[in-house]
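The values are calculated or read from the model by the stated rules, or taken from the named source; none is laboratory data. All figures in this text were calculated on a predicted structure; none of them were measured in a lab. Glycine also receives a Cβ, built like all others from the backbone with ideal geometry; neighbour counts cover every protein chain displayed. Quick note on the areas: whole protein, heavy atoms, side chains included, nothing else; ligands and nucleic acids left out. Shrake-Rupley method; radii C 1.70, N 1.55, O 1.52, S 1.80 Å.
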Amino acid sequence: MADNVEELQFQAETRQLLDLMIHSVYSNKDSFLRELVSNASDALDKLRLAAFQDKDLDADTSDLHIEIDIDKDARTLVVRDNGIGMSRDEVVDLIGTLAKSGTAELRQKLRDAKDAAASEELIGQFGIGFYSTFMVADTVTLTTRKAGETTGTRWQSTAGATYTIETLDDAPAGTSVTLHLKPADDEDALYDYTDERKIRELIKKYSDFIAWPIRMEVEKRTPATDDEPEQVTVEAETINSGKALWARPRDEVSDDEYKEFYRHIAHAWDDPLEIIPMRAEGTFEYQALLFIPSAAPFDLFMRERKAGISLYVKRVFIMDDCEELMPEYLRFVKGVVDAQDLSLNVSREILQQDRQIRAIRRRLTKKVISTIKDLTTSAPDKYATLWGEFGRVLKEGLISDGDNRDALLEISSFASTHDDEKLTTLREYVERMKDGQTQIFYATGESRKAIENSPHLEAFRDKGFEVLLLTDPVDEVWATSVPEFDGKPLQSIAKGEVDLDELGKSDDEKKAVEDQRAEREKDFADLLAWLKGELDEQVSDVRLSTRLTESPACVVGDSFSISPQLEKMYRASGQVLPTSKRILELNPEHPLVTGLRTAHAANADDPALGETAELIYGMAVLAEGGELADPPHFAKLLANRLTRTL
Ligand code: ADP
Ligand code: MG
């Protein structure tokens, strides 16, 4: 090995991935070419931009292009670009490491993937760019020189645990990737990547829209004439049309073309669920082409995740990851925006202030929401997929985007007691509301099961009132900040007073219910007053409940207090909140409660009563999935009490 050749190890998960690729479980091997061309195109975009922003950059941008060379005898295929190139460190970082976020998940999933089909799905989900070359090549060599640098770098790996890296004194600007193709499969001419026709076909299919010319040397044959023998000349031919997809009318672009374009800009391998072309003329002229993916990326909830929109100005790539063009809760939307009237040297700082950008963002947001709304009726299955993948993110908009809140409520759906599996929209909920019901009831909790078993739900279930079952952490927050839907306030079943008995009743009937209650309050007045004193440190009040049918007691918040789930969330994020005391509600029908009343009336000084009070409160906290302040103490009380029953 020469002096400056360094041999390095791949990271463990990269090696696993390579292994997968080498054994080429992915059935669509053709994709490797799309990935290489996509990278080359990005590199050209970056160089043009860098040269524009830095006039001193020593780079030739006069003929930016991609070149494909095939050599049948050597069985090699080369994809070359004269783009931005990479420094030695970048090669190690970008090519030698699996730098994508979500690596930890990938590692786990790879470990779990048992068969080829499962691995194939993983490749699809992760969108593995450069490494896809190992599906078709056993050795890959990458030579690159970064714009502005004098020395180049060669990286090479013969599929395995290591790669070599070496500094080159002279290398052409840009990057070239040479694939030493695996031995030809005689049976299957389909996979001959040294066949000119095959390459043409693949470029047409996957990369036609690439804005830079993709050239290939082709043989031109002039047939023999009487005077001259057949002539064979070799000349470079551009084999893509290079038309910007977003600038073409929708009916001229096939779904397949859109799909490949989506994969290019989103660096994804899935299909778009929905394609949204847009065009605005007038003061702010722009074209946009947006995609809603069909599957959530692994990093949807990670901090370092990238925004999905690339900005172009008059067909010139300006930046990817343009956060200013899409609100955070629509971060899963991918696409491009091509604005006509921005300056080419627009910076992020300028973008943040720009009126036009803000106007575009508003329009895009509305368009995405209305597209989803259309799906709810025109393609319910697609909508269901979308909501399943991105519902949690969309719900963030209910909190952050007041302007579109109503529209977002219209496209949201939730689990509900109405159906075990199917989600419901708020509109459907409202249509099913019982006579006299004025509020939309909801419950929050860790899981559907936990909510279903919580005491708060008892009366709602028994009396047939539908309750939305909200289990995402974000639910807690939006449900308390959204005042109403369609004029109907949202009401947590664990907060405030609920009066199911009075709903839909006539005034006379209501009066009867109230009289009966007043009577009962009187019967229990002594017990309630005593309990309030006894549990003074834990609760702000003790009252009779109208929401319990089976359990003896539950704890409820007043209309403004936060739920135990939210409290937990805040605590987990390191925020300390003043602990809010809640209200203990008793079920006046329950034998434990009536028994306690009798015992208290007979001997208010019995020390066992105080323990019973603590036990009742503790059970109520546990039943809603809350946490006890002093679990050992509770366990001891319970053990003592059980011992006495033996
Ligand atoms: P992705 O394109 O999704 O980032 P890839 O595996 O395709 O993932 O490429 C990894 C990174 O390597 C790219 O983001 C880019 O920074 C760098 N890279 C790959 N090919 C080239 C190239 N031809 N020129 C410059 N940089 C490249
Ligand atoms: Mg790529």
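For segment 151-185, the candidate set comprises residues that are without any contact (Cβ under 8 Å) to a residue 24 or more places away in the chain and among the charged types (D, E, K, R); within that set, the residue that is farthest from ligand 1 (Cβ to nearest atom) is ASP185. The sole residue among ASP45, ASP60, ASP19 that is within 16 Å of ligand 1 (Cβ to nearest atom) and part of a helix (DSSP H, G or I) is ASP45. You will find that of GLU90, GLU67, the residue that is surrounded by fewer than 18 Cβ atoms within 10 Å (Cβ to Cβ) and touching a residue at least 12 places away in the same chain (Cβ under 8 Å) is GLU90 and no other. Close contacts from segment 139-150, counting a first residue that is in the same structural domain as THR164 (by TED's automatic domain parsing) and of a type outside the set (Ser, Thr, Tyr) and a second that is part of a strand (DSSP E or B) and within 16 Å of ligand 2 (Cβ to nearest atom), with Cβ to Cβ under 6 Å and a gap of 6+ residues or different chains, come to VAL140/LEU179; LEU142/TRP155; LEU142/VAL177. Within the bounds of segment 365-381, is there any residue that is within 30 Å of LEU423 (Cα to Cα), touching a Phe, Trp or Tyr at 6+ places or on another chain (Cβ under 6 Å) and among the hydrophobic types (A, V, I, L, M, F, W, C)? Looking through segment 365-381, at least one residue is within 30 Å of LEU423 (Cα to Cα), touching a Phe, Trp or Tyr at 6+ places or on another chain (Cβ under 6 Å) and among the hydrophobic types (A, V, I, L, M, F, W, C).
Scanning segment 22-33 for residues that are closer than 18 Å to THR194 by Cβ, at pLDDT below 90 and either within 16 Å of ligand 2 (Cβ to nearest atom) or part of a helix (DSSP H, G or I) (or both) returns ASP30, SER31. Criterion applied to GLU219, GLU201 was being more than 16 Å from ligand 2 (Cβ to nearest atom), assigned by TED's automatic domain parsing to the domain that holds GLY129, touching a strand residue (DSSP E or B) at 6+ places or on another chain (Cβ under 8 Å) and open to solvent by 30 Å² or more (accessible area, probe 1.4 Å), and the one residue passing it is GLU219. Taking helices (runs of 4 or more DSSP H) as the structural unit, those lying wholly within segment 408-493 and holding at least 3 residues that are open to solvent by less than 30 Å² (accessible area, probe 1.4 Å) correspond to 426-432, 458-462, 473-481. Residues satisfying the criterion are present in segment 25-38 (criterion: basic (Lys, Arg) and within 14 Å of ligand 1 (Cβ to nearest atom)). In segment 205-257, of all residues being part of a helix (DSSP H, G or I) and free of Cβ contacts under 8 Å to residues at least 24 places away in the same chain, the one that is nearest to the chain's Cα centre (by Cα) corresponds to ASP255.
All of ASP45, ASP54 fail the test of being open to solvent by 30 Å² or more (accessible area, probe 1.4 Å) and either within 16 Å of ligand 2 (Cβ to nearest atom) or farther than 24 Å from TYR262 by Cα (or both), apart from ASP54. The condition (being outside any helix (DSSP H, G or I) and under 51 Å from the mean Cα position of the chain (by Cα)) is satisfied by just one residue among LEU531, LEU503: LEU503.
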